[in-house]
Amino acid sequence: MSVDVGIIMGSQSDWATMREAAAILDELGISYEAKIVSAHRTPDRLWTYGKTAVDRGLKVIIAGAGGAAHLPGMMASKTRVPVIGVPVQTKALSGVDSLYSIVQMPKGFPVATMAIGAAGAANAGLMAAGILAVSDAALGARLDAWRDALSASIPEEPKDE
Ligand code: RP5
C-alpha cells in the first residue's frame with residue numbers, strides 16, 4: 001500500500017517539529033509515512049529511501065533536519081521526487097545553520113526550502129498538499145476550504161489580551 005508523502009527527519013528530536021507537517025496532512029486526508037532517515041547516522045537508509053522513492057509511488061518528500069542539515073539536499077540528489085526542506089530550529093544557532101545548510105543548493109538539484117521551525121513544517125504540509133492538488137480536484141477543494149477557514153478565523157480588529 002503506497003502513500004503519497006514521505007516525511008523524513010534526521011532524528012527523533014526533529015519529530016516535535018515535523019509532526020506539524022503530519023498534522024496538516026492528517027487534516028487534509030493525505031496519506032503519508034514518517035521515518036527517521038539521517039544523512040550522517042544512517043546514510044545507507046537515506047540511499048535506499050531515495051533510490052526506491054519513485055517506484056514506491058511517493059509523490060512528495062518532506063525532509064526536516066537541524067544543524068548540519070544535509071538530509072533534504074542529499075535526498076534531492078538521489079531522487080526526482082520533489083523534496084520540501086524544513087530547517088529545524090537548533091539551540092546553538094537558532095536554526096540559521098539548518099536554513100543555510102538546506103537552502104543554498106547547487107543548480108540541478110532543488111530543494112523547496114521552508115521557514116525555520118514549526119511554521120515551516122506546517123507550510124511544508126500545505127506545500128505538499130498544493131502539489132498533489134494539481135492532479136486531485138477533491139484535495140484541491142479541501143485545501144481551498146482549509147485556506148478559507150484560516151482567513152475567516154482572523155479578526156479584523158485587535159483586542160487587549
Ligand atoms: C540532525 O542533528 C538532526 O536532524 C537533528 O536536528 C540534529 C540533532 O540530532 P540529535 O542529536 O537530537 O539526535 O542530524
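Bear in mind that the values in this text are calculations on the coordinates, not laboratory data. Since we're looking at a predicted model, the values are computed, not measured. Quick reminder, even Gly has a Cβ in these numbers, built from the backbone with ideal geometry, and neighbours come from all protein chains shown.
Brief remarks on what is shown
- Scanning residues 5 or more positions from A63 or on other chains, those with amide H under 5 Å from its amide H are I8, I84, G85, V86, with H placed 1.01 Å from N in the peptide plane.
- Per-residue ellipticity at 222 nm computed for the chain from its helices equals -13500 deg cm²/dmol, with DSSP H segments shorter than 4 residues left out and the rest contributing -39,500 (n - 2.57).
- Listed by chain and number, the lysines whose C-alpha is less than 19 Å from the C-alpha of K78, apart from same-chain residues fewer than 8 away, are K35, K51, K59, K107.
- Across the range 1-101, the relative contact order, built from alpha-carbon pairs under 8 Å that are at least six residues apart, equals 29 percent.
- Here is the P(r) of the range 5-139: all C-alpha pair distances, binned every 10 Å from 0, give 14, 49, 32, 5, 0 in whole percents.
- Note on the range 5-139: with charges restricted to the Cβ of Lys and Arg (+1) and Asp and Glu (-1), its dipole about the Cα centre is near 420 debye.
- Loop-resident trypsin sites (Lys or Arg not before Pro) (DSSP state other than H, G, I, E or B) in the range 78-115 with no more than 15 further Cβ atoms inside 10 Å of their Cβ: R80, K91, K107.
- Within the chain, helices built from complete DSSP H runs that reach 18 Å or longer along their own axis (Cα positions) and carry a mean Kyte-Doolittle hydropathy of -0.5 or higher are 118-133, 137-152.
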